[in-house]
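A.B. asks: To start, I am sharing the structure in question, which I have written as structure tokens.
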Amino acid sequence: QVQLVESGGGLAQAGGSLRLSCAASGRTFSTYAMGWFRQAPGKERAFVAAINWSVGSTYYADSVKGRFTISRDNEKNTVYLQMNSLRPEDTAVYYCALKNRPLYSTYYRVSSYDYWGQGTQVTVSS
């Protein structure tokens, strides 16, 4: 099995920055995809960003393009989400997810992923 642990959430002011981390442990495979999703109060879980591990191809939701960056550290089996120019509407619980194969057209779907972390709270003050 695979375990995912998120960290780095907290409180930020509008216009500020945070960096989230997701460390994967257990049985990972040579090629897989990892993604970030978020869920605000009263809303469904929504796609934020994804990366195909082997080649580093990335995908972003329109709402975060130009502000958020997803990246990976192969030696640490860790994926990061650098969040800049934060807005109050970015406030949500952020979740890390993993699929044991690359995702090229379904990376935005919650149902595409097999493993999920417990989430980390991000709050942006107005």
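A.B. asks: With contacts defined as alpha carbon pairs under 8 Å and 6 or more residues apart, what's the relative contact order of the chain in percent?
C.D. replies: Averaging sequence separation for qualifying contacts and normalising by length gives 36 percent for the chain.
A.B. asks: May I ask for the distance between the Cα centers of segment 48-80 and segment 6-45, given as a whole number of Å?
C.D. replies: 10 Å
A.B. asks: With the full set of protein chains in place, find how many percent of the accessible area of the chain is carbon and sulfur; take the probe as 1.4 Å.
C.D. replies: 45 percent
A.B. asks: A further question on this structure: May I ask what percent, to the nearest 5, of DSSP beta bridges between residues of the chain are antiparallel?
C.D. replies: DSSP beta bridges in the chain are roughly 90 percent antiparallel.
A.B. asks: Where does the charge balance sit around A23 when Lys and Arg score +1, Asp and Glu -1, over other residues with C-beta under 9 Å from its C-beta?
C.D. replies: Result for the local shell: 0.
A.B. asks: Please work out the average accessible area per residue across the chain, using the 1.4 Å probe convention, and give it in Å².
C.D. replies: 52 Å²
A.B. asks: Please sort by residue number the chymotrypsin sites (Phe, Trp or Tyr not before Pro) in segment 48-126 whose DSSP state is loop and whose Cβ has at most 11 other Cβ atoms within 10 Å.
C.D. replies: Qualifying residues, ordered by number: Y104.
The values are calculated or read from the model by the stated rules, or taken from the named source; none is laboratory data. As the structure is a prediction and not an experimental result, all values here were calculated from the model. Note that we place each Cβ from the backbone using ideal geometry, even for glycine, and neighbour counts take in every protein chain shown. Areas reflect the complete protein model, heavy atoms only, side chains present, ligands, DNA and RNA absent. Shrake-Rupley method; radii C 1.70, N 1.55, O 1.52, S 1.80 Å.
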